[in-house]
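Colleague: I am attaching a structure below and will ask some questions about it afterwards.
The values are calculated or read from the model by the stated rules, or taken from the named source; none is laboratory data. None of the values given here were measured: they were computed from a predicted structure. Note: ideal-geometry Cβ built from the backbone for every residue, glycine included; neighbour counts use all protein chains shown. Heavy atoms of the whole protein, side chains included, go into the accessibility calculation; ligands, DNA and RNA do not. Shrake-Rupley method; radii C 1.70, N 1.55, O 1.52, S 1.80 Å.
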Amino acid sequence: MKYELEEVWFPLSESIMEWDEDFHQLMLGDRLRMNAYKQAIQEVVKPGMIVLDLGTGTGILGLWALEAGAKYLYAIDVNENILSLAVQRFNQAGFSGKYEVFNALSYDVNLPERVDVIVSEILGNLADNEDFVPILQDARKRFLKKEGNMLPSSVYSQLVPVSSIKAHQQIKSKNIKSLNKNYSLERLLQQLAIQSQFNLYYDAILPKNTYLSKPLVVQEFKMEDGDRSTYETFLNFSVNADGIFTGFKGSFVATLSDTVILDISGCNIAAHTTSDCWKHCYLPVENPVKVKPGDEIHLLFSRYYPSKKDSPFRQCYQWSGTIRRHGNTFSTFHHKTGN
Ligand SMILES: C[S@@+](CC[C@H](N)C(=O)[O-])C[C@H]1O[C@@H](n2cnc3c(N)ncnc32)[C@H](O)[C@@H]1O
């Protein structure tokens with residue numbers, strides 16, 4: 001799949017229930033993601049272990065767990081069509097009789113026993129934009145043995161203000177790239193009841209030369225009860241470059257095992273330090289603002305659930321704030337993906 005720096009793409013994490021085989025193929029071809037997960041599973045899953053692959057999709061993580069010697073695999077996915085590909089994959093690899101699949105949301109599943117490892121890849125490019133916090137909290141409580149392991153074992157999200165007129169113009173003209181016709185911006189805006197295209201985030205690779213400041217951590221998740229799925233985080237960015245502030249780049253860093261860290265913030269497409277399926281998260285502001293070193297961008301970033309939660313994965317983000325020079329506010333921005 002070909003993509004370029006600062007090219008704006010449809011935000012796939014906002015349409016989980018519509019994911020098709022094309023998107024799963026994109027994930028399967030994503031070297032950054034695949035290499036990291038394969039190595040981590042080989043490290044964490046030991047012969048004889050019982051493993052749960054939560055959100056198995058086409059079953060690749062579960063297959064690697066079986067190949068690493070797992071005694072038995074439970075695999076859950078809400079998407080029936082995609083789950084049938086996982087079944088094919090397990091059988092073709094000679095593992096029939098060594099697994100059981102559940103076509104349901106994980107909240108509705110009961111496993112016959114607890115497992116040694118819960119493997120999952122239900123992260124969005126902002127870490128929590130596929131709702132992993134409550135999903136994995138529930139799974140850990142009900143499915144994991146006391147001494148069991150979560151893979152990933154921790155994740156943090158980060159944001160940095162950027163200057164990308166190219167990205168801004170694409171959003172302004174609604175010139176958004178999409179994997180195929182199933183992923184339509186107009187339809188998504190309608191589904192989410194969003195009036196302005198600037199009240200949505202997008203997938204885009206924002207290189208380091210667009211940064212206006214150092215990135216700051218938004219949330220750290222330790223796969224524990226204390227992880228928060230709703231929050232308000234205040235971040236103060238000190239501008240260290242001249243540019244036109246057009247929005248924020250979001251990304252995550254996940255610890256998959258003792259030796260494997262998956263960091264999607266990279267921006268060298270040719271060297272595969274970028275992720276084909278996640279890219280970065282781009283949170284735009286409607287009115288770009290000229291800034292210079294010494295200015296401050298004060299951001300209130302929140303995650304919450306909408307008053308009408310019509311999909312199991314629906315969440316909202318708000319990014320609002322002020323831009324200050326010598327302590328005086330000279331511009332403001334306010335965006336949110338729902339109420
Ligand atoms: C990002 S894909 C990853 C698929 C596969 N594990 C892989 O690595 O290629 C996430 C999958 O998890 C499923 N999923 C996410 N949350 C789920 C939940 N709570 N219960 C069941 N399926 C879920 C989605 O339908 C999707 O197929």
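Colleague: List, in order, the whole-Hz ³J(HN,Hα) value for each residue of segment 112-127 obtained from phi through the Karplus relation with A = 6.51, B = -1.76, C = 1.60 and θ = phi - 60°; use x for Gly and Pro.
Modeller: Result, ordered by residue: x, 7, 7, 10, 7, 9, 10, 9, 8, 9, 10, 9, x, 6, 10, 6 Hz.
Colleague: How do K279, K46, K290 rank by accessible surface area computed with a 1.4 Å probe, from largest to smallest?
Modeller: Working: K279 5, K46 100, K290 155 Å².
These residues rank, largest area first, as K290, K46, K279.
Colleague: Still on this structure, please answer the following. Going down the table (K46/K308; K145/K336; K177/K214; K181/K336; K2/K172), which pairs top 32 Å between alpha carbons? Intermediate results must be reported in sequence, preceding the final value.
Modeller: On the way: K46/K308 43 Å; K145/K336 39 Å; K177/K214 28 Å; K181/K336 25 Å; K2/K172 22 Å.
In this structure, K46/K308; K145/K336 exceed 32 Å between Cα atoms.
Colleague: A follow-up question, please. With a ≥ b ≥ c taken as the square roots of the eigenvalues of the C-alpha gyration tensor of the chain, please select rounded if a/c is under 1.5 and otherwise prolate if a/b is larger than b/c or oblate if it is not? Intermediate results must be reported in sequence, preceding the final value.
Modeller: Working: a/c = 1.92, a/b = 1.82, b/c = 1.06.
Prolate is the answer for the chain, as a/c is 1.5 or above and a/b outweighs b/c.
Colleague: Once you list every other residue whose beta carbon is under 10 Å from the beta carbon of R324, what net charge do they have if Lys and Arg are +1 and Asp and Glu are -1? Walk me through the numbers before you get to the answer.
Modeller: Values: positive: R325; negative: D295, E296.
Around R324, the charge tally is -1.
Colleague: Separate question: Please find the FRET efficiency linking A241 to L105, where r is the Cβ-Cβ separation and R0 is fixed at 30 Å, and quote it to the nearest 0.05.
Modeller: Details: r = 44 Å, r/R0 = 1.48.
According to the calculation, E is roughly 0.10.
Colleague: Related question: Tell me the net charge near S275. Cut-off is 12 Å between Cβ atoms, S275 excluded, with +1 for each Lys or Arg and -1 for each Asp or Glu.
Modeller: Numbers: positive: R31, R33, K279; negative: D30, E121, D203, D263, D276.
Result for the local shell: -2.
Colleague: Still on this model: Using the Karplus curve 6.51 cos²θ - 1.76 cosθ + 1.60 with θ = phi - 60°, work out ³J(HN,Hα) for each residue of segment 319-335 in order, rounded to whole Hz, and write x for Gly and Pro.
Modeller: 10, 9, x, 10, 10, 10, 10, 6, x, 9, 6, 10, 7, 9, 9, 7, 9
Colleague: Okay, moving on. Loop-only check: which GluC sites (Glu not before Pro) in segment 91-140 are DSSP coil with at most 14 other Cβ within 10 angstrom?
Modeller: Details: sites: E100, E113, E121, E130; in loops: E113, E121, E130.
Answer by residue number: E113.
Colleague: Where nothing but the Cβ of Lys and Arg (+1) and of Asp and Glu (-1) is charged, how large is the charge dipole of the chain around its Cα centre, in debye to the nearest 20?
Modeller: Numbers: 35 positive and 39 negative charges, 141 e Å.
Dipole of the chain, to the nearest 20 debye: 680 debye.
Colleague: What figure, in Å² to the nearest 10, do you get for the accessible area of Y3 with a 1.4 Å probe and non-protein molecules left out?
Modeller: Surface accessible to solvent at Y3 totals approximately 20 Å².
Colleague: Still on this structure, please answer the following. Starting from the amide H of K177, placed 1.01 Å from N in the peptide plane, find each other amide H under 5 Å away whose residue is 5 or more places distant or on another chain.
Modeller: V8, W9, F10
Colleague: List the GluC sites (Glu not before Pro) within segment 195-286 that fall in a DSSP loop (any state other than H, G, I, E or B) and whose Cβ has at most 15 other Cβ atoms within 10 Å. Present the calculation step by step, with values, prior to reporting the outcome.
Modeller: Numbers: sites: E220, E224, E232, E286; in loops: E224.
Those that pass, being in a loop and sparsely packed, are E224.
Colleague: When a/c is below 1.5 the answer is rounded, else prolate if a/b is larger than b/c, else oblate, so apply that to segment 270-339 with a ≥ b ≥ c taken from the square roots of the Cα gyration tensor eigenvalues. Please list the in-between numbers first.
Modeller: On the way: a/c = 3.19, a/b = 1.28, b/c = 2.50.
Judged from the Cα gyration tensor, segment 270-339 comes out oblate (a/c at least 1.5, b/c at or above a/b).
Colleague: What residues have an amide H closer than 5 Å to that of H280, excluding those fewer than 5 places away on the same chain, when H is modeled at 1.01 Å from N in the peptide plane?
Modeller: Correct list: A204, I205, L206.
Colleague: Something else: Starting from the Cα gyration tensor of segment 155-336, take the square roots of the eigenvalues, sort them a ≥ b ≥ c, and report rounded, prolate or oblate (rounded when a/c is under 1.5, otherwise prolate if a/b is larger than b/c, else oblate). Working shown, then result.
Modeller: On the way: a/c = 1.23, a/b = 1.11, b/c = 1.11.
Rounded.
Colleague: Calculate, in nm to one decimal, what K336 and A270 gain on full extension: separation in residues at 0.36 nm each, minus their alpha carbon distance.
Modeller: On the way: separation 66, 0.36 × 66 = 23.76 nm, distance 3.35 nm.
Taking 0.36 nm per residue and subtracting the Cα distance, the gain is 20.4 nm.
Colleague: Something else now. How much FRET efficiency would the formula 1/(1 + (r/R0)^6) give for S302 and L28, where r is the Cβ-Cβ distance and R0 is 25 Å, rounded to 0.05?
Modeller: On the way: r = 34 Å, r/R0 = 1.35.
So the FRET efficiency works out to roughly 0.15.
Colleague: Using only Cα atoms, locate the centre of segment 81-99 and the centre of segment 174-253, then give the distance between them in Å, rounded to an integer.
Modeller: Centre-to-centre distance over Cα atoms comes out at 36 Å.
Colleague: Here is a follow-up. Ignoring everything except DSSP H segments at least 4 long, calculate the 222 nm mean residue ellipticity for the chain; use -39,500 (n - 2.57) per segment, divide by total residues, nearest 500.
Modeller: -6000 deg cm²/dmol
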